[in-house]
Amino acid sequence: MRVLFRFENKKEIVLPLHYNYYLESAIYRSISPELSEFLHKYGFVFGKRRFKLFTFSRIFGAYKIIGDSIKFYGHTSFMVSSPIERFIVELVNGIMKRSEISIGQNALKIESVYFPKPPEFEDKVFAKTLSPITVYSTLLTPQGAKKTYYYSPFEKQFNELISNNAIKKGYFFSKRKIKNGMEIKPLKMREVFLNYKGTIIRGWSGTFILSGPLTLIKVTYDAGLGSKNSEGFGMYEVISAGDLKRGNYFK
């Protein structure tokens, strides 16, 4: 389930260039304290992994980058997605009740709320990132220190980790372990780096072909692809071949 929030502001919106944490915090503040605490402390557990099962897009709108800040002008929007209906309902009610959402030092006045119609899912879709995709492993150096390695979509392990992650998410809804995984074929993707609370995260943005079982495509569409979804990673939109050629990725 997805919701698109649109805002109109007479004043410019000024945020740090790497604003994921500020938007994530604003989302948590907009849901009930009970649900917020559950997601923060526990989440949905699968083995040793915990999933928040929501993701969000970048902020869209006219902007200008000045040093370490980004300034948005006029109409802005962002999208939030989750397979958990309660999460979306609480988020919408929380924002609508206040008629705004505070991101950092900015109060964004709500203009409209829109629930996009889900696409026609197939076992092979064209897709465009709405926030970067990231997957990683924690490795040990020869000296015994831990090191985080972020994979590229051009590495075999990228697909393996995407598939394993999606299968675990899919279990919450199908109640069975899906044997077949997913595959991402990058079309035009670029490397991006985001600073999240002092940690540099490497991700990938652009267009790709996603193939695999419908159950996994649907759950990753709602919950996000790969890792760190609740920190603003892994949201994608299904697009048509025509949109791909014309560059009409987001409306």
Residue ID - farthest from the chain's Cα centre (by Cα), chosen from residues in the range 31-67 that are closer than 19 Å to Val192 by Cβ and in a loop (DSSP other than H, G, I, E, B): Gly67
On the given criteria, is Ile201 surrounded by 11 or more Cβ atoms within 10 Å (Cβ to Cβ), within 16 Å of the chain's Cα centre (by Cα) and either part of a strand (DSSP E or B) or modelled with pLDDT under 90 (or both)? yes
Boolean, Phe208 is closer than 21 Å to Phe44 by Cβ and at pLDDT 95 or above: no
Within the range 1-8, can one find any residue that is part of a loop (DSSP other than H, G, I, E, B), at pLDDT below 95 and touching a Pro at 6+ places or on another chain (Cβ under 8 Å)? yes
Those residues of the range 154-179 which are free of Cβ contacts under 8 Å to residues at least 40 places away in the same chain and within 20 Å of the chain's Cα centre (by Cα), in sequence order: Phe158, Asn159, Glu160, Asn164
Subset tally (residues that are in contact with a Ser or Thr (Cβ under 7 Å, 6 or more places away or on another chain) and at pLDDT below 95) for the range 228-251: 1
Which numbered condition trips up Val192, out of (1) within 18 Å of Phe126 (Cα to Cα); (2) out of contact with any helix residue (DSSP H, G or I) (no Cβ under 8 Å at 6 or more places or on another chain); (3) crowded, with 16+ Cβ neighbours inside 10 Å? (1)
Test of understanding: among Ile88, Ile65, Ile70, which residue is under 21 Å from Tyr236 (Cβ atoms), of a type in the set (A, V, I, L, M) and surrounded by fewer than 21 Cβ atoms within 10 Å (Cβ to Cβ)? Ile88
From the options Phe172, Phe115, Phe154, Phe121, residue that is at negative phi and modelled with pLDDT of 95 or more: Phe115
Based on what the data block shows, is Gly234 under 14 Å from the mean Cα position of the chain (by Cα), assigned to a strand (DSSP E or B), of a type outside the set (Lys, Arg) and under 26 Å from Gly47 (Cα atoms)? no
Answer yes if at least one residue in the range 48-57 is surrounded by fewer than 18 Cβ atoms within 10 Å (Cβ to Cβ), more than 21 Å from Gly234 (Cα to Cα) and modelled with pLDDT under 95, and no otherwise. no
Has the range 134-150 got any residue that is within 18 Å of Glu24 (Cα to Cα) and touching a Phe, Trp or Tyr at 6+ places or on another chain (Cβ under 6 Å)? yes
Tell me, yes or no, whether the range 23-30 has at least one residue that is part of a helix (DSSP H, G or I), β-branched (Val, Ile, Thr), in contact with a helix residue (DSSP H, G or I) (Cβ under 9 Å, 6 or more places away or on another chain) and closer than 30 Å to Leu161 by Cα. yes
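The values are calculated or read from the model by the stated rules, or taken from the named source; none is laboratory data. If you're wondering where the values come from, they're calculated on a predicted model, not measured in any experiment. Neighbour counts are summed over all protein chains in view; Cβ atoms, including those assigned to glycine, are modelled from backbone coordinates with ideal geometry.
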